[in-house]
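The values are calculated or read from the model by the stated rules, or taken from the named source; none is laboratory data. Fair warning: this is a prediction, and the values are worked out from it, not measured in the lab. Using ideal geometry, Cβ is built from the backbone for each residue, glycine included, and neighbour counts are taken over all protein chains shown. All accessible areas refer to the heavy atoms of the entire protein, side chains included, with ligands and DNA or RNA removed. Shrake-Rupley method; radii C 1.70, N 1.55, O 1.52, S 1.80 Å.
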There are 2 protein chains.
Amino acid sequence: MPDILHKVRVNHASKDATYKALTTLDGLSGWWTTDTTGDSRAGGVVKFRFGDGGFDMEVLEADPGGRLRWLVVDGPQEWIGTTIDWALKEDENGTVVLFKHQDWKEPVEFMHHCSTKWAMFLMSLKSLLETGEGAPWPGDVKVDGAH
Amino acid sequence: MPDILHKVRVNHASKDATYKALTTLDGLSGWWTTDTTGDSRAGGVVKFRFGDGGFDMEVLEADPGGRLRWLVVDGPQEWIGTTIDWALKEDENGTVVLFKHQDWKEPVEFMHHCSTKWAMFLMSLKSLLETGEGAPWPGDVKVDGAH
């Protein structure tokens, strides 16, 4: 089954700081969407909204050692049942973020779109941690009209 | 076999203008790397260089109707034998670019990196066509240190 893969390095940021940006409502609001609510602990469900739609993610695993996994429990039909896997590795230059959005059923055009958008949001995460300012929705980088 | 997928919309650009940015040395130099040489016609080989390395692409297909395919004939070992497939669709708002980098053998960490970099270069292509200015190497958006 096709996956979306990405990787960014967050310069001069610790794994702990990066993990916090992925596992707190405050952190998530700073790079993905300002409309983030819910319970971001393991077993909880986080609700990400983008105006007219969004995603509900169940936190399957949240390991401060550097692993985070989400299961999409509500959202666009193509996303439901897919998983999002984050792996963090710290070295002397910062923290590497390895990203996988797995278990898409088909490589539909929407998957192409989501792959490019994930890259924009990972750059937003990188920017948030490096400069204090990300580009979460609604101020996100648009790749297709208003999206 | 895993693929890298992306999609961008180039606002207010025709399919012809987009096709030209993908099939002329001048166009390719404006969004991917300023060091682009070779023969960009079908059957030719284009050499893309990024300082200490790069890719040689054989142009398998170049159809002004909106399809372009490259075969990687030299470059990093993971890239050799992979293909890059571009499909262009024009509508009233511009041109949609559907991108696939296919036939990777394994979803290695380098593939994660290349997926994120392709997104940056597709945004560079979009910017070149929308504003007249892209961000080709060496002025490309870095996602991991100097890369």
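Mind telling me which of the residues A:V59, A:V10 ends up being within 17 Å of A:D85 (Cβ to Cβ) and either within 14 Å of another protein chain (Cβ to nearest Cβ) or modelled with pLDDT of 95 or more (or both)?
Values: A:V10 fails: within 17 Å of A:D85 (Cβ to Cβ).
Testing whether each residue is within 17 Å of A:D85 (Cβ to Cβ) and either within 14 Å of another protein chain (Cβ to nearest Cβ) or modelled with pLDDT of 95 or more (or both) leaves just A:V59.
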Any idea which residue in segment B:103-147 is most open to solvent (accessible area, probe 1.4 Å), counting only those that are among the aromatic types (F, W, Y) and in contact (Cβ under 8 Å) with a residue 40 or more places away in the chain?
B:W137
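Scan A:L68, A:L98, A:L88 and give me the residue that is surrounded by 14 or more Cβ atoms within 10 Å (Cβ to Cβ) and either under 20 Å from B:S127 (Cα atoms) or out of contact with any Lys or Arg (no Cβ under 8 Å at 6 or more places or on another chain) (or both).
Numbers: A:L98 fails: either under 20 Å from B:S127 (Cα atoms) or out of contact with any Lys or Arg (no Cβ under 8 Å at 6 or more places or on another chain) (or both); A:L88 fails: either under 20 Å from B:S127 (Cα atoms) or out of contact with any Lys or Arg (no Cβ under 8 Å at 6 or more places or on another chain) (or both).
Among A:L68, A:L98, A:L88, only A:L68 is surrounded by 14 or more Cβ atoms within 10 Å (Cβ to Cβ) and either under 20 Å from B:S127 (Cα atoms) or out of contact with any Lys or Arg (no Cβ under 8 Å at 6 or more places or on another chain) (or both).
Residues to consider are B:D3, B:D52, B:D26, B:D35; find the one that is touching a residue at least 40 places away in the same chain (Cβ under 8 Å) and surrounded by fewer than 16 Cβ atoms within 10 Å (Cβ to Cβ). Before you say what the answer is, go through the steps one by one.
Values: B:D3 fails: surrounded by fewer than 16 Cβ atoms within 10 Å (Cβ to Cβ); B:D52 fails: touching a residue at least 40 places away in the same chain (Cβ under 8 Å); B:D26 fails: touching a residue at least 40 places away in the same chain (Cβ under 8 Å).
The match here is B:D35.
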Take segment B:1-42 and flag every residue that is among the β-branched types (V, I, T) and within 20 Å of B:K100 (Cα to Cα).
B:I4, B:V8, B:V10, B:T18, B:T23, B:T24, B:T33
Between a residue in segment B:84-100 that is at the interface with another protein chain (Cβ under 10 Å from one of its Cβ atoms) and closer than 21 Å to A:K142 by Cβ and any residue that is among the β-branched types (V, I, T) and outside any strand (DSSP E or B), which pairs come within a Cβ distance under 7 Å, given they are 6 or more apart or on different chains?
B:V97/B:T18
